[in-house]
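One structure is given below, encoded as structure tokens.
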Amino acid sequence: MRILVTGATGYIGGRLVPKLLEAGHAVRVMSRQPRNLEHLPWYEDVEAVRADVLDPESLPHALDGIDVAYYLIHSMSDSDESFAERDKRAARNFGQAAQEAGVGRVIYLGGLGNEEKGELSPHLRSRHETGEVLRASGVPVTEFRAAIIVGSGSVSFEMVRYLTERLPVMVTPRWVGTRCQPIAIRDVLAYLVDALEEPDSKGKIVQIGGADVLTYREMMMQYAEVRGLRRFMLPVPVLTPSLSSHWVNVITPIPSDIARPLIEGLTSEVV
């Protein structure tokens, strides 16, 4: 197939491209700055095009002749325009351009969360809204929904890793008691690639997760056990997402404007 991968500089996209090449597909990658891809080992095996989902006029060239497009773009930072509004605008532009280009399907990776309970954080709600906007374009969408993705480089996992590595004693907010269902990066990539050959996935929302349902506290303590670290957690009743994001910014390399929407998401059960 002729495949377009957006977000190729990101965590998922950068690992998905070689899997698609191994499966024998012709891959085109889309980036605002294609030169940022030149150092990647698969760069010479793909077609790189310059395009921006917030610039509709740049999209027709990127989508021309494409059978399936992977939509792996989302905003974490809320430093300027609302990330939710920006994501909806981007998805609307991309969906319309994909429909006009005759793209057969869009495969999108979003987030788990129960809409019916009304417990979605703004970030998780935005993930679901992005899927709705893509579907509204009329192009069939396969939407995978996942919780924390376990693998080196995943922002959520790196937060767990750095907090556990650097803090022998942790003063923990309520969100460490929230249940989640982590999934390994290898399994996520397998779902994304195998969906191409599974016709029943077309037009579906598919929830994916690993075998274990854990709280974030249990996940950090299991990480500590694997690493041979002794760790203690002291829960406190009041520690807002804003305070938590600044705390994470001090302890980890994750900027507070990215950590805040991420931490708000950790308050919602994702099973």
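The values are calculated or read from the model by the stated rules, or taken from the named source; none is laboratory data. Just so it is clear, the structure is predicted and the values come from calculations on it, not from any experiment. In this analysis, Cβ positions are derived from the backbone assuming ideal geometry, glycine residues included, and neighbour counts consider all displayed protein chains. Heavy atoms of the whole protein, side chains included, go into the accessibility calculation; ligands, DNA and RNA do not. Shrake-Rupley method; radii C 1.70, N 1.55, O 1.52, S 1.80 Å.
Here are some residues: 16, 4. Which one is in a helix (DSSP H, G or I) and of a type in the set (A, V, I, L, M, F, W, C)?
On the way: 4 fails: in a helix (DSSP H, G or I).
After ruling out the rest, the residue left standing is 16.
Looking at residue 138 and the list (1) at pLDDT below 95; (2) surrounded by fewer than 22 Cβ atoms within 10 Å (Cβ to Cβ); (3) in contact with a helix residue (DSSP H, G or I) (Cβ under 6 Å, 6 or more places away or on another chain), which single condition is not satisfied?
Looking at each condition in turn, residue 138 falls short on (1).
Name the residue, out of 124, 134, that is assigned to a helix (DSSP H, G or I), touching a Phe, Trp or Tyr at 6+ places or on another chain (Cβ under 8 Å), in contact (Cβ under 8 Å) with a residue 12 or more places away in the chain and more than 21 Å from residue 15 (Cα to Cα).
Details: 124 fails: touching a Phe, Trp or Tyr at 6+ places or on another chain (Cβ under 8 Å).
Only one candidate qualifies: 134.
So which residues in the range 91-111 are small (Gly, Ala, Ser) and modelled with pLDDT of 95 or more? Outline the logic, then answer.
Step one: filter the range 91-111 for residues small (Gly, Ala, Ser), giving 91, 95, 97-98, 101-102, 104, 110-111.
Passing the criteria: 91, 95, 97, 98, 101, 102, 104.
Of the residues that make up the range 53-74, is at least one open to solvent by 70 Å² or more (accessible area, probe 1.4 Å), closer than 21 Å to residue 187 by Cβ and touching a strand residue (DSSP E or B) at 6+ places or on another chain (Cβ under 9 Å)?
The answer is yes, given that some residue of the range 53-74 is open to solvent by 70 Å² or more (accessible area, probe 1.4 Å), closer than 21 Å to residue 187 by Cβ and touching a strand residue (DSSP E or B) at 6+ places or on another chain (Cβ under 9 Å).
When the residues of the range 85-112 are filtered to those that are assigned to a loop (DSSP other than H, G, I, E, B) and open to solvent by 20 Å² or more (accessible area, probe 1.4 Å), which remaining residue is nearest to residue 213 (Cα to Cα)? I'd like the intermediate steps shown before the answer.
Just the residues of the range 85-112 that are assigned to a loop (DSSP other than H, G, I, E, B), to begin with: 102-104, 112.
Remaining after also requiring open to solvent by 20 Å² or more (accessible area, probe 1.4 Å): 102, 104.
Numbers: 102: 40, 104: 35 Å.
Among them, the one singled out is 104.
Only residues that are exposed (fewer than 13 other Cβ atoms within 10 Å of the Cβ) and under 24 Å from the mean Cα position of the chain (by Cα): list them for the range 204-238, please.
Answer for the range 204-238, where residues must be exposed (fewer than 13 other Cβ atoms within 10 Å of the Cβ) and under 24 Å from the mean Cα position of the chain (by Cα): 211, 212.
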